[in-house]
Structure formats: C-alpha cells, structure tokens
Amino acid sequence: MDRWQTIIEPFRIHSVEPIRLTTVEAREAALEAAGWNLFNLHADDVLIDLLTDSGTGAMSRDQWAGIQHGDESYAGSPSWFAFLESVTALFPFRHVIPTHQGRAAEKILFSVLGRPGMVIPNNTHFDTTRANVEFTGAEAVDLVIAEGRIPSAEHPFKGNMDVDALERLLEDRGADVPVVFVTITNNSGGGQPVSLRNLRAVRAVCDRHGVPLFLDACRFAENAWFIHEREEGQATRSIPDIVRDIASLADGMTMSAKKDGLANIGGWLALNDDALAEQCRNLLILTEGFPTYGGLAGRDLEAIAQGLREVVEEDYLRYRIRSTAYLGEALDRAGVPVVKPFGGHAVYLDARALLPHIPPLEYPGQALAIALYREGGIRGCEIGTVMFGRHRDGTEAPAAMDLVRLAIPRRTYTQSHVDYVIEVVRWVAERAADLRGLRIVEAPLALRHFTARFEPLPA
Ligand SMILES: Cc1ncc(COP(=O)(O)O)c(C=O)c1O
C-alpha cells in the first residue's frame, strides 16, 4: 500500500497545448456535418480527446532531444541501431523489421501467411488485425476466455486465451493455422491483460501442434505491469525482465509504437524465422522502405528508442494504471456500467447495459459516444456493433458487446481533466433514457466505423 493516496503525474509540464471549449449548439452542428461519426470531426472542436491512446501521448524531453539526434541516412543510420538496440533489449528476436505503424507490420506478415482456407486464432483480433487477416481470404477467430466476453465479470487476466478452445481448433484444423496470435493487452476485449501462465499454456499447445506463436504486443508494458501486480511470484521482478519472459514465449510479434513505444508514429514486425523474415523484408522494401528505416524517419526511430526505455519505468506504469482505474472507479461508484476490472489504457462504458431501450442494430455505443461529445466535448470511440457487426458476406449481426472506449492518451491529461470527464459521463448516464439510436446511411465494405455516415433515428 502506498503511503499517499493521491496519484500524481510523475512529470511536470514543459510545453502546453491549448484546448478549446465550445457550446452544445456548435458541437451539434459539428456532429451533423460529420455524419454523426466522431472520426469525421475537426479535432479542434474536441475538448478532451479520448478517441484513442494511439499516437496521441506526450513525448518526453528526452524523446524530443532524440528527435534532434535523428540521422536520416538512407541505409545504416545510427538511429536505426539505437532503435534496434532498444527493441531487442526487451524483445530479443533475431529479425526486426521497422514499419510506419502496427497495421503495416500486420499487412506484411499476413500477406505472407494468410490465404483462403487458413484460420488465424487470437484472444481477440483488433479491428485492423482482423481486417488484414480477412483481406487475405483467411478467417480470423477470437478465442478469449468466457469471462472476457462478459463486461461485468471480474477476472485478473480477462484477456487470457481459452486454451482448450485453441487445442480443439488446432486438433481439427491445425494444418490450416499458420500462426497463433495473442494480443497483449486485449484491446477489443477491454484492455485486459494476459497472464504469463496463460502465455506458457498457449505456447505448450502451439508446440504440440508445431504452430508458431506471435504477440500483438502494442501494450506490452501495461500488460507486464498487471503481471507484476497480479500474478503470483512476479511482484519482485523488474518490468523489463517480465517483458523478456513474455517475449521468450513467442516466435515473433507485431507492434504499434504509437502505444507502448510512447511515440506518435511507428511500429515493427519482429521474428526468429529466417525464411519468413526474408519474405517479409522483401514486402517491406516494396511497401515501406529499406530495412534499416522501413516506414520511419531516423528521428522517429530515435523517439521510439527512448520511449521504450521510459515505458518500462515503474513510476510511470504505476501512475498510468492507477490513473486509468481512477476514472473507472469513479464511474463505477456513480452506477455507470463499466467493464471490470479496469484495463490499462482505457475505461470501457457498457452502452448495451446503459441503453437497454436501444437495440444493438441501432448502435447504442454510437449513441452514447455522440452524447458525450454533444454534452461535454469529449470524444470516445464506439467498440461494438458499428465496429464489428458487419460480416464479410454483407450481413449484419450484433457484436458480442456494445462498448464506448474512453482511451487515455499517455502523459497528456491531468487529474482535473479526468474529473471533468467523470462529471460529463455521469450527467449523460443520468439522462440515458433520452438517448436514441442511429441508422447507417453510407458505409464502406471494411473498417466501416472510420468513415460510415449515420442518421439519428426519430424519437
Ligand atoms: C491491439 C492492437 N493491434 C494493432 C493495432 C494497430 O496499430 P496501428 O494503429 O499502429 O496501425 C492497434 C491500434 O490501435 C491495437 O490496439
């Protein structure tokens, strides 16, 4: 137990960015122009932007200094070697392939491994991961444990893979499974961690069937902190040691440095298999760039190299996870239905529970996200039927859950910003019965949540 209860930000502010308060009327007009899709808003019209924790964090003094050190040599830049050293200090894979962000790493890997008839299991595929798998014609299957699908279920490692279900899948269709993925933390399932014990069990199943195991490791440091806090025998170990333990159980990883790289852009694919790495590098050169910079400038490589050193610091992780829980606990106390336990990077509101009068195919998550913006200028993100409800054959069905994610950018907002968010969410939740659903008037075939346009349904 800490001596002091107040969570303080383990940094002071060095440079500030203005944010702008607007009126409800102005936000209503902005919503109309945006087709009721918060991705279409002008970010200047958003007061507290909790759309994503991806690339939206504040960089440190030392990361900005790293930017100045960036060396833009086309090949063999010192910044590449700084990046490589930082990545392999935590993830000692034989090959590291830098990409401009996580989905580029996914695209390259699945272009090599995926094709029709293949199936790729994951605890829960993130939307870009699923889309990249499905784009190759392969099938993306989610095998998270049962508790991971129930918003109110308490479990210390709710992101764990259902090992029996994985075993059954590999017994039935092992020859069609080119890779097993585990996402740490499980973003789409509520930012929930995966235990070391579960990873070891998944590894054992993969070994029995001769299938490689890859990590979608975007939030590896947050996951390692949960292991440190919650898993037996881990409390005295350092975070980098836990991360290396996680890495040692896998054959490779995809990564978005926009999360636990503490950078605004970047990612990588890392793996041990020489032949697979060669195929991936050939695609990298075609789509991203030369293997020592991939999709990144030298300065970005430097920012990530430093970010990886900072993200595993205990003071930072303690503050990060405590301040996310602070938001969740306050909403829970106020009776707002939230996914529990609280994840690392976000608090998820259970829109289906809060808005029982709005059926899933009228998008309760979207309705709630719109209300938070309209009333308080807060931008969250629907993670539900808009995001996952449309299937490849064009049919639509309710997603497993209808959530609104309030993702917390790293080191960006202070406690008073969070107190304001709590006040607005409570206000909206108290008037939940007044909210109405929406219909989609225009949507692309894949990843529709980014660009779809909506229309509010009549009261
Ligand atoms: C779990 C997970 N995987 C992959 C990605 C894709 O990363 P990027 O946005 O850098 O392409 C994300 C991004 O949010 C994510 O949360």
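Among the residues of the stretch 232-254, the ones that are within 16 Å of the ligand (Cβ to nearest atom) and either farther than 24 Å from CYS206 by Cβ or touching an Asp or Glu at 6+ places or on another chain (Cβ under 8 Å) (or both) come to 3 in all.
Here ARG411 meets the list (1) closer than 22 Å to PHE39 by Cβ; (2) within 19 Å of the chain's Cα centre (by Cα) almost entirely, failing just condition (1). Residues in the stretch 77-122 that are touching a strand residue (DSSP E or B) at 6+ places or on another chain (Cβ under 6 Å), near the ligand (Cβ under 10 Å from one of its atoms) and not β-branched (Val, Ile, Thr): GLN101, GLY102, ALA105, GLU106, ASN122. Among the residues of the stretch 322-364, those that are in a helix (DSSP H, G or I), open to solvent by 20 Å² or more (accessible area, probe 1.4 Å) and either touching a His at 6+ places or on another chain (Cβ under 7 Å) or among the hydrophobic types (A, V, I, L, M, F, W, C) (or both) comprise ALA353, LEU354, LEU361. Taking the criterion of being near the ligand (Cβ under 10 Å from one of its atoms), more than 13 Å from ASP142 (Cα to Cα) and at pLDDT 95 or above, the only residue of the stretch 175-189 that qualifies is ILE184. Has the stretch 285-307 got at least one residue that is closer than 20 Å to ARG411 by Cα, open to solvent by 10 Å² or more (accessible area, probe 1.4 Å), more than 15 Å from the ligand (Cβ to nearest atom) and at pLDDT 95 or above? Yes, the stretch 285-307 has at least one match. Here LEU51 clears all of (1) assigned to a loop (DSSP other than H, G, I, E, B); (2) closer than 30 Å to THR292 by Cβ; (3) under 17 Å from the mean Cα position of the chain (by Cα) except the condition numbered (2). The residue list ASP315, ASP245 contains one member that is more than 24 Å from MET161 (Cα to Cα) and either open to solvent by 30 Å² or more (accessible area, probe 1.4 Å) or not in a helix (DSSP H, G or I) (or both), which is ASP315.
Only a single criterion out of (1) buried (at least 20 other Cβ atoms within 10 Å of the Cβ); (2) without any contact (Cβ under 8 Å) to a residue 12 or more places away in the chain is not satisfied by VAL180, namely (2).
The values are calculated or read from the model by the stated rules, or taken from the named source; none is laboratory data. What you see is a predicted model, and the numbers here were worked out from it, not measured in a lab. Heads up, the Cβs are rebuilt from the backbone with ideal geometry, glycines too, and the neighbour counts pull from every protein chain shown. The accessibility values were calculated without ligands, DNA or RNA, using every heavy atom of the protein model including side chains. Shrake-Rupley method; radii C 1.70, N 1.55, O 1.52, S 1.80 Å.
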